[in-house]
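For reference, the structure discussed in these notes is given below.
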Ligand code: KIV
Ligand code: ZN
């Protein structure tokens with residue numbers, strides 16, 4: 001069976017989509033989870049674009065050793081240099097370099113003739129080859145590039161040392177049969193694709209909801225690598241979702257006889273980790289990892305599933321690690337069970353103090369709540385995963401509200417050794433507690449987004465609040481959870497404010 005190489009771009013194409021930006025610690029956690037998942041290449045970022053991106057690529061290259069670590073670059077020397085410097089710690093580094101090749105991009109965006117584009121590719125490849133052994137070249141907007149010119153571009157990049165060529169459907173325009181045909185024509189016309197000495201990769205966007213279909217069609221027609229992201233995050237409507245692509249191959253081996261190195265049982269935990277770290281909530285009906293993906297609502301379906309699962313289930317949820325949905329920890333679960341469950345979710349605390357602190361939080365929650373689900377664990381530990389220093393900690397809060405009184409909140413915050421008290425009224429209990437916090441911090445905030453949701457099932461479920469604050473024109477996301485939603489709101493608010501302090505101290509605000 002042919003192997004398909006998985007090039008993960010969650011931390012580059014995925015991270016550049018609105019609402020998905022992550023700090024360095026979050027990116028490292030995701031990179032480690034991707035390594036455990038078994039991706040072959042991690043595109044860790046676009047190093048020239050900012051110091052944050054550069055540092056993230058560098059740290060990932062230092063700490064993640066199994067997959068190739070790639071940095072993105074335009075056909076510009078300073079981009080290639082930044083990719084080189086940032087991936088230096090990795091023994092398996094790679095350059096991903098791109099230039100637009102469709103007529104519309106060359107004319108309006110690049111303002112270059114086709115000959116000038118070829119010359120730029122030649123010069124950049126010659127420069128890059130002095131620094132990198134592994135180079136992927138992408139003709140951006142490849143699916144809309146005039147075919148003969150595309151072949152010329154591909155041959156030029158290969159002649160100057162490209163080890164993989166990636167054909168992007170940049171604007172999600174291609175149809176599956178058309179994209180598959182393009183791939184077979186390229187294999188026919190480029191000898192290095194036919195003899196498989198150069199990888200032929202695809203990178204599909206989901207503007208028409210066809211990203212996975214196009215990737216599957218491409219591999220069915222001979223592509224040897226797929227670029228994809230966890231949960232399909234990415235520019236606009238996103239990219240091919242790894243979980244969809246891998247499970248399509250797995251489920252339809254009868255027709256597409258290819259395999260990947262992905263450990264499918266880690267797909268769901270990895271998806272969950274990303275959702276918690278970014279706060280990007282998935283549609284309930286999202287294939288494979290959405291809340292409803294394995295639920296049977298209609299009576300006829302339920303009856304069928306009870307009689308024989310395969311009547312309505314084409315995949316077994318345990319194959320993607322979804323049995324952990326029902327795996328619960330309780331008050332009597334010991335440290336061992338807790339540790340195992342964390343590992344399954346991809347959370348490893350190397351430092352014993354951190355682990356003890358996490359276990360303490362779990363025990364406190366288990367006292368308040370009978371059953372503790374994976375989502376609960378991710379919710380109570382997310383700030384420890386982010387490793388945002390605690391800054392302000394809420395020591396105490398009291399809120400009075402009702403339909404006949406003015407909502408009033410009292411809070412006590414601690415920062416280092418200092419203790420601050422404040423009381424305020426507001427339009428509602430949440431507003432009152434936010435105002436009390438503002439009085440202490442003195443920071444002007446604008447609440448841009450505020451979402452409350454139940455973390456797991458049951459009346460005693462925790463509430464999780466995700467919010468976004470505008471502070472001095474920059475966005476800071478906060479998250480907090482508790483069995484009391486007012487407390488969860490205050491925690492989320494403080495989490496965003498502590499991020500603001502952290503970023504300002506580090507001098508790397510976005
Ligand atoms: O969609 C695209 O064309 C890209 C390239 C950088 C490969 O993301
Ligand atoms: Zn893309």
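Nothing in this text is a laboratory measurement; each read-out follows from the coordinates by a stated rule. What you are looking at is a predicted structure, and each value in this text was computed from that prediction instead of being measured. Because the Cβ atoms are built from the backbone with ideal geometry, glycine has one as well, and the counts that use them run over all protein chains shown.
Quick notes on this structure:
- Reduced Cα scattering model of region 2-278, Debye log10 I(q)/I(0), q = 0.17 Å⁻¹: -1.44
- Extension gain (nm, one decimal) between residue 62 and residue 410, 0.36 nm per residue minus Cα-Cα: 120.7 nm
- Contact order, relative form, for region 90-160: 46 percent (alpha carbon pairs under 8 Å, 6 or more residues apart, mean separation divided by residue count).
- Helix content alone sets the calculated 222 nm mean residue ellipticity of the chain: runs of n ≥ 4 DSSP H residues at -39500 (n - 2.57) each, divided across all residues, give -12500 deg cm²/dmol.
- Spherically averaged projected area of region 228-316 from its Cα convex hull (nm²): 6.9
- Segment residue 76..residue 194, full-extension length gain: 39.5 nm, with 0.36 nm per residue of separation and the alpha-carbon distance subtracted.
- Fewest-first ordering of 40, 417, 169 by other beta carbons within 10 Å of each residue's beta carbon gives 417, 40, 169.
- Applying 1/(1 + (r/R0)^6) with R0 = 60 Å to the Cβ-Cβ distance of residue 301 and residue 122 gives a FRET efficiency near 0.55.
- Taking every C-alpha pair closer than 8 Å and separated by at least 6 residues, the mean separation divided by the residue count of region 389-503 gives a relative contact order of 18 percent.
- From least to most packed, judged by other beta carbons within 10 angstrom and beginning with the fewest, 353, 207, 133 follow the order 353, 133, 207.
- Shape analysis of region 389-503 places it in the rounded category; the axes a ≥ b ≥ c from the Cα gyration tensor give an a/c below 1.5.
- Helix 77-87 and the long axis of the chain differ in direction by around 60°, with both axes built from C-alpha atoms.
- Inter-label distance, nm, simple model (7 Å from Cα along the C-beta direction), residue 1/residue 443: 5.0
- 20 Å cut-off, amide nitrogen to a point 7 angstrom out along residue 390 Cα→Cβ, residues in region 330-356: 349-356
- Along each principal axis, Cα extent of region 95-143, largest first, Å: 32, 20, 12
- When you restrict to C-alpha pairs under 8 Å that are six or more residues apart and normalise by the size of the chain, the relative contact order lands at 10 percent.
- Estimated distance in nm for a label pair at residue 335 and residue 363, the labels positioned 7 Å out from Cα along Cα-to-Cβ: 1.0
- Theoretical FRET efficiency, 1/(1+(r/R0)^6), r = Cβ-Cβ of residue 504 and residue 308, R0 45 Å, to 0.05: 0.15
- Pairs of alpha carbons in region 233-385 whose separation is greater than 18 Å (percent): 64
- Difference of contour (0.36 nm per residue) and Cα-Cα distance, residue 283 to residue 427: 48.7 nm
- Cα-Cα P(r), region 125-208, percent of pairs per 10 Å interval: 18, 52, 25, 4
- As an equivalent ellipsoid, the chain spans semi-axes of 43, 28, 20 angstrom, where each value is the square root of five times an eigenvalue of the C-alpha gyration tensor, largest first.
- Taking label positions 7 Å along the Cα-Cβ direction at both residue 21 and residue 111, the computed distance is 2.8 nm, reported to one decimal.
- Counting every pair of alpha carbons in region 339-406, the share spaced more than 15 Å apart comes to 62 percent.
- In terms of surrounding Cβ atoms within a 10 Å radius of their Cβ, 154, 281 rank from fewest to most as 281, 154.
- Given R0 = 30 Å, the distance between the Cβ atoms of residue 131 and residue 343 translates into a calculated FRET efficiency of 0.20.
- For region 306-422, the Kirkwood estimate of hydrodynamic radius, built from reciprocal distances between every pair of different alpha carbons, is 17.6 Å.
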